[in-house]
Amino acid sequence: MTDLVSVGQGGKPHGLDGSFFVERGSEDKERFAVGATLHVDGEPAKIVASKTSRGRPVIRLDREAPRGADLAVPRAELPPPEEDEYYEFQLVGLAVEEEGGRALGRVIAVLPGPANDVLELDSGLLLPLVGACVLKVYLDASRILIAQGFAEPS
């Protein structure tokens with residue numbers, strides 16, 4: 001397990017000075033503040049300019065960041081999540097089961113959605129990350145309990 005956690009991805013250029021949009025950026029606005037350090041594909045880089053455009057962060061670093069580059073921070077720098085909130089890396093790999101014990105698969109990704117995030121399972125199921133569906137996340141037991149009716153057999 002790496003000690004770097006992705007907080008976004010280098011996106012399309014913005015202007016001619018080397019600035020670029022941050023895709024899938026962290027909701028923590030301080031993460032992209034001037035002076036903050038990000039790891040670009042594992043190498044540290046300082047943010048030298050920061051603004052928002054169309055609701056998304058636009059940053060310029062002290063070195064080049066190729067489009068699609070992973071932007072990350074050390075896991076130790078992340079604040080603890082609020083109650084019933086989780087970082088994506090905490091959910092990936094957890095076993096998912098329905099009330100009653102039926103195994104549904106393991107989380108392979110957390111996908112952004114227009115209204116809510118979605119858990120993608122290795123079984124092909126997509127489950128909404130909402131309270132009506134996700135009844136409980138047991139990090140210590142490495143499992144997620146899902147309400148019946150969200151994972152109908154095909």
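The values are calculated or read from the model by the stated rules, or taken from the named source; none is laboratory data. Remember, it's a predicted structure, so these values are computed and weren't measured experimentally. When we count neighbours, we look across all protein chains shown, and the Cβ atoms used for this are built from the backbone with ideal geometry, even at glycine. Keep in mind that these areas ignore ligands, DNA and RNA; they rest on the heavy atoms of the full protein, side chains included. Shrake-Rupley method; radii C 1.70, N 1.55, O 1.52, S 1.80 Å.
Structure above, values below:
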{"quantity": "Rel. contact order, % - alpha carbon contacts under 8 angstrom, at least six apart, segment 114-154", "calculated": "27"}
{"quantity": "Cβ charges +1 (Lys, Arg) and -1 (Asp, Glu), total dipole of the chain, debye", "calculated": "620"}
{"quantity": "Distant-in-sequence amide H partners of A49 (H built 1.01 Å from N, under 5 Å)", "calculated": "R60"}
{"quantity": "Dipole-positive endmost among V130, Q148, L104 within segment 33-154 (Cβ charges, Cα centre)", "calculated": "V130"}
{"quantity": "By accessible area with a 1.4 Å probe, ligands and nucleic acids excluded, highest first: order of F150, F32", "calculated": "F150, F32"}
{"quantity": "Within a Gaussian network of the chain (alpha carbon springs, distance under 10 Å), most fluctuating of L129, L139, L71", "calculated": "L139"}
{"quantity": "The chain: calculated mean residue ellipticity at 222 nm from DSSP helix runs of at least 4, using -39500 (n - 2.57)", "calculated": "-500 deg cm²/dmol"}
{"quantity": "Model label zone, D62; criterion: amide N under 15 Å from point 7 Å along Cα-to-beta-carbon; scope segment 13-48", "calculated": "33-40, 43-48"}
{"quantity": "Surrounding net charge for V110, when Lys and Arg each add one and Asp and Glu each subtract one, Cβ distance under 14 Å", "calculated": "-4"}
{"quantity": "Segment 68-154: GluC sites (Glu not before Pro) falling in loop per DSSP and having at most 10 other Cβ within 10 Å", "calculated": "E82, E83, E85"}
{"quantity": "Rel. contact order, % - alpha carbon contacts under 8 angstrom, at least six apart, the chain", "calculated": "17"}
{"quantity": "Residue with peak Gaussian network fluctuation, the chain [Cα springs, cutoff 10 Å], from L119, L91, L78", "calculated": "L78"}
{"quantity": "Potential extension, S6-A76 segment - 0.36 nm per residue separation minus Cα distance", "calculated": "23.9 nm"}
{"quantity": "Share of pairwise Cα separations in the chain, more than 28 Å, in percent", "calculated": "31"}
